[in-house]
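Encoded as structure tokens, the structure appears first; notes follow it.
The values are calculated or read from the model by the stated rules, or taken from the named source; none is laboratory data. Computed from a predicted model, the values in this text were never measured in an experiment. As a convention, Cβ positions derive from the backbone with ideal geometry for all residues, glycine included, and neighbour counts pool all protein chains shown. Accessible surface is based on the protein model in full, side chains and every heavy atom, while ligands, DNA and RNA are left aside. Shrake-Rupley method; radii C 1.70, N 1.55, O 1.52, S 1.80 Å.
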Amino acid sequence: DAGVIQSPRHEVTEMGQEVTLRCKPISGHNSLFWYRQTMMRGLELLIYFNNNVPIDDSGMPEDRFSAKMPNASFSTLKIQPSEPRDSAVYFCASSLRVGWGGGPKETQYFGPGTRLLVL
Amino acid sequence: DAKTTQPPSMDCAEGRAANLPCNHSTISGNEYVYWYRQIHSQGPQYIIHGLKNNETNEMASLIITEDRKSSTLILPHATLRDTAVYYCIPRGTASKLTFGTGTRLQVTL
């Protein structure tokens, strides 16, 4: 299995530009998570989906951020307009949720991350 | 989710056992203890999890105290490739993981 795939791996953009990050979860997984990592705030959950439906988006910083999961094999995280404080590493993770979830077999597998720099 | 306390950093000589402690005194009965690690510039990697019994897999062993208020991750023969930040994460029925600051383990020659 190729694992969780994220693209691009690196992104440099200017303030005000739209940024789209992409994620392909592990085949067969039904939960997908977007995390952000910064030096100041560490690793924090932005949003997660179960069966392509957003379950918890309480971590999304503000309206400039949006996430979609049009099908089981693809998700996007969009920032519009981007700001320098959005500079971070963005990780996507996937897992197989069985039943009500959170059980011992629901292990999350992380992608390599996208390093975003907003100038 | 329960709060955790981990030492910010630890050193370990290559070939020796690395014992990483975690205090989770407010853990509730249905919360498992998960351990992940993050090697520099990579995504977090699952290591092991447990509820109340000690667990062992090909990567590590997990020792959970009888009162479940603390646990220790053991890497039996640490190598340079085990240098990473190790996170102890109590998790109940919620799917999400809440990462703390972790322990930065430096394995040295």
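Across segment A:76-91, which residue is least open to solvent (accessible area, probe 1.4 Å) among those that are part of a loop (DSSP other than H, G, I, E, B) and farther than 12 Å from residue A:12 by Cα? Top of the filtered list is A:81. So, residue A:87, is that one more than 11 Å from chain B (Cβ to nearest Cβ) and under 11 Å from the mean Cα position of the chain (by Cα) or not? So residue A:87 does not fit the description; no. Mind listing just one residue for me: the one in segment B:1-27 that is of a type in the set (Val, Ile, Thr) and open to solvent by 50 Å² or more (accessible area, probe 1.4 Å) and, of those, nearest to the chain's Cα centre (by Cα)? Looking at the filtered set, the residue picked out is B:5. Taking segment A:10-37 on its own, how many of its residues are over 10 Å from the mean Cα position of the chain (by Cα) and within 12 Å of another protein chain (Cβ to nearest Cβ)? Of the residues in that region, 5 qualify.
Within segment B:60-70, the set of residues being open to solvent by less than 60 Å² (accessible area, probe 1.4 Å), free of Cβ contacts under 8 Å to residues at least 24 places away in the same chain and in a strand (DSSP E or B) comprises B:61 only. Taking segment B:28-70 as the range and being over 12 Å from the mean Cα position of the chain (by Cα) and of a type in the set (A, V, I, L, M, F, W, C) as the test, the residues that pass are B:39, B:51. The single residue among B:30, B:54 that is away from chain A (no Cβ under 11 Å), surrounded by fewer than 17 Cβ atoms within 10 Å (Cβ to Cβ) and in contact with a Ser or Thr (Cβ under 9 Å, 6 or more places away or on another chain) turns out to be B:54.
A quick yes/no check of all residues on (1) open to solvent by less than 70 Å² (accessible area, probe 1.4 Å); (2) more than 14 Å from every other protein chain (Cβ to nearest Cβ); (3) in a loop (DSSP other than H, G, I, E, B); (4) out of contact with any strand residue (DSSP E or B) (no Cβ under 6 Å at 6 or more places or on another chain):
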| site | (1), (2), (3), (4) |
| --- | --- |
| B:48 | yes, no, no, no |
| B:58 | no, yes, yes, yes |
| B:72 | yes, yes, no, no |
| B:78 | yes, yes, yes, no |
| B:89 | yes, no, no, no |
| B:93 | no, no, yes, yes |
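Selection within segment B:98-109: residues that are surrounded by 19 or more Cβ atoms within 10 Å (Cβ to Cβ) and either of a type outside the set (A, V, I, L, M, F, W, C) or in contact with a Pro (Cβ under 8 Å, 6 or more places away or on another chain) (or both). The member of this set that is nearest to the other protein chains (Cβ to nearest Cβ) is B:99.
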